[in-house]
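Notes follow once the structure below has been shown.
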Amino acid sequence: MWAPGIVRRGLGAPGVVDHGTRRRRAAYRRVVWGGGEVLVTVGLLLLLLVVHQLWWTNRQAREGAERKVQALEKGWGSGEDEGQGQGEAQGAGAGVSGAGSGSGDPAGGGASSGGGSGASTRSGRAQGTPRSSQAYAVLSIPRLGLRVPVAEGVSKRDVLNKGYVGHYPHTQQAGQAGNFALAGHRNTHGEPFRYINRLRRGDEIDVETAAGRYVYVVDKTLAQTSANDGGVIREVPRSTVRPAYGYSAPGYYITLTTCTPEYTSRYRLVVWGTLTSMRPR
């Protein structure tokens with residue numbers, strides 16, 4: 001017998017639908033889907049940033065550096081002096097340029113070593129001081145297949161990020177008595193010094209300027225030192241952090257500096273060489 005106001009549920013009768021639960025599940029799915037889209041977008045942006053840093057900046061810098069090398073050589077061949085302008089190079093603080101990963105700020109030229117402006121070369125011919133950020137020489141390292149412009153100063157924006165090698169202000173010029181000290185990126189922006197860790201004693205380093213060609217030979221390597229070790233670019237280069245590395249007597253030196261380990265700017269890698277010959281133009 002059916003009681004008034006009572007609905008009996010038998011087999012097959014429809015159950016109660018909880019619409020609130022469905023709405024919560026739908027909202028959760030939308031949040032998860034939206035979060036996934038955000039993560040995918042961020043991942044793509046990071047990938048594009050990596051591609052830009054590791055490929056595009058290298059391509060742009062290398063192409064620009066190659067064009068500058070060709071322009072310098074063409075100028076020398078026609079008798080034009082493209083690089084040896086009589087301008088004042090900018091000063092610099094202590095330390096060794098952060099020229100490796102692109103994340104460290106260049107600290108400048110270290111302790112002043114004097115003689116960087118107008119000093120005589122071994123041939124007796126005077127060299128003027130190039131204008132700041134001006135490319136005026138070509139550095140060649142046959143073992144690495146490297147040919148790259150050398151510009152005055154170690155500015156990231158105006159020198160290093162163009163794929164050039166930078167000359168530390170107030171260190172000597174190529175062929176001069178003292179230390180011809182250079183910095184270059186190890187990663188990104190052309191990374192000209194990426195593989196200088198592969199250089200070995202006796203490898204040749206050539207420097208060409210409007211005045212002539214100077215041949216240095218690799219002599220010593222300091223695998224790691226502080227970014228503030230200004231001693232490695234002094235007139236007589238010797239590490240102030242690891243004093244066992246360097247020289248104790250005046251000479252004709254070249255110093256190559258870059259960041260280490262790769263993709264960081266925490267430490268500096270240093271390669272030294274000595275002048276063995278020069279040939280005036």
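Read-outs throughout are calculated quantities, based only on the coordinates presented, and are distinct from any laboratory measurement. Worth saying up front: this structure is predicted, and the values here are computed from it rather than measured.
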Original post:
Cα convex hull of segment 229-281: how many Å³ per residue?
Top reply: 108 Å³
Subject >> Alpha carbon centroid spacing (whole Å) that separates segment 220-239 from segment 18-33 >> reply: 64 Å
Subject >> Convex hull of segment 131-281 built on C-alpha atoms - directionally averaged projected area, nm² >> reply: 7.9 nm²
